1. Express in nm, to one decimal, how much length is gained between A:K330 and A:L315 on full extension, taking 0.36 nm for each residue of separation and deducting their alpha carbon distance.
2. What residues qualify as long-range amide H neighbours of A:Q296, i.e. H under 5 Å apart, gap of 5 or more or another chain, H built at 1.01 Å from N?
3. Across region A:330-340, in residue order, what do the Karplus-derived ³J(HN,Hα) couplings come to in whole Hz, using 6.51 cos²θ - 1.76 cosθ + 1.60 with θ = phi - 60° and x for Gly and Pro?
4. State the antiparallel share, in %, of DSSP beta bridges confined to region A:6-114, rounding to the nearest 5.
5. If you rank B:H44, B:H70, A:H337 by fewest surrounding Cβ atoms within 10 Å, what's the result?
6. How large is Rg over Rh for chain B, taking Rg from the Cα atoms and Rh as the Kirkwood inverse mean of 1/r across Cα pairs?
7. Suppose a student asked you for the relative contact order of chain B, using Cα pairs under 8 Å spaced at least 6 residues apart; what percent would you report?
8. Provide the gained length on full extension for the span A:K35 to A:F295, in nm with one decimal, where the gain is 0.36 nm per separating residue minus the Cα-Cα distance.
Amino acid sequence: MSKTSFSKEELERYSRHLIIPEFNIEGQRKLKEAKVLVVGSGGLGAPLLQYLTAAGVGTIGIVDFDTVDDSNLQRQVLFSMDQIGKPKVNAALQRLQGLNPYITFKAYNTQLTSENALEIIKEYDVVADGTDNFPTRYLVNDACVILNKPNVYASIFRFEGQVSVFNYADKEGNRGPNYRDLFPSPPPPGLVPSCAEGGVLGVLPGIIGSLQASEVIKVVTGMGEPLSGRLFLFDALTFETRTVKLMKDEEQLPVKELIDYEFFCGIKDQKVEERKVKEITVQQLQKLRNSHSEFQLIDVREPYEYEIAELGGELIPLGTVMDNIDRISKEKKVILHCRSGIRSATAIRQLEDAYNLRNLYNLKGGILAYADKVDKTLAKY
Amino acid sequence: MAKLIIPTPLRKFTDNQGSFETEGATVQEAIETLTELFPDLKKHLLEADGKIRSFVRIYVGDDDIKALDHEKTSLNNDSVVSIIPAIAGGSAGEYE
């Protein structure tokens, strides 16, 4: 087989790699021959895709089903304002093709699922997981284990990041630990930080996604020691970094096939279990307000959310609702709301169960729906 | 006294405190003292039977306590106990 060659323009483009003795044209050749799949083109995907493209990875696949939203631009520096509303994969391609014309891109404007994951991932040598939810993380992990692909993992939350290289085959062909060795199962949805407790410092994915890109390049070129069997932790607030050892969990059953990951992560389960509560639409709320009807409006979000947008309701955060039963009317119609309607429904169930109240109504769609349908001056978040 | 590091997602249960000094002689004692102080933390760390939950790892120094003496791993004055939780991303929409 003839060696992969480079044009004059490519040699000049990559000259800063070629003059590193340990990297040289051999490293560049491995990059050019490599096929890397980036799952998620958001916060982590932005540095990942840009550095892998700039570095000269020959074939790059991008999976994302989302469209560019204004609230992405705080951290997803791959996109610009004129791309709002466009599919992220198309917006990414536009930027990346302008950055490096010597790369073959393959865009998948779809959600990675148990049905398509194996088909998509099998075409690639290395996978980089830049997703933002547990079901997709377990899906990417299991597909990589089944197909024997290394999975360069990074995850972020608020001020903290994690990086590792999962399922990496050493020189003897032994596979290192994977995501299930670290976390055999995900936290149930009720325990994971909900939207009120989400958020991420905009620069954090830039830092962590760049480390992830560096690990992808090491895995592809075989340079240095990939972060296999180790987990890197970064806390931007304290600037503490730690690298801890990861081991295989002998109790883990081998992954043989893909499963229903929404179910595995307890998401579908929860939807079935929840008891319905009485609802009121945002239009009905507006009518009640305009007619000066007697009712009580309670906002169960957190104070820092109230600062972003509010409907003038009494602020009683979900966690304190039961302690504030005295403030909740037993006679009047009481309308509870949150951001999207999930937390306020939880509050209603708690109150109905504990105090047998029958005068509680959930604002369907929460303040987001109100901002969409009634008051367009409200900020959505 | 050993040091106990609380990760960001769990700091809401510790009045936003990120680390604690602990007099516990073992990991188990350190966790027990912590969860007595902050009872809401308990269900995020421990199963009903007291085992560490499957989406949390406990490390002493660089080592998973599973590679040491599990919950009975002893602590000394220089020990740093880290609680490492599963995090998926800062997405707002996934669960709400």
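1. 3.7 nm
2. A:K333, A:V334, A:I335
3. 9, 9, 5, 5, 10, 10, 10, 9, 9, 6, 10
4. So the antiparallel bridges in region A:6-114 amount to around 10 percent.
5. B:H70, B:H44, A:H337
6. Looking at chain B, the ratio lands at 0.97.
7. Taking the mean separation of contacting Cα pairs over the length of chain B, I get 37 percent.
8. On the way: separation 260, 0.36 × 260 = 93.60 nm, distance 6.03 nm.
Full extension of this stretch gives 87.6 nm more.
The numbers here are math on the coordinates, done by the rules we state, and not lab data. None of the values given here were measured: they were computed from a predicted structure. Note that we place each Cβ from the backbone using ideal geometry, even for glycine, and neighbour counts take in every protein chain shown.
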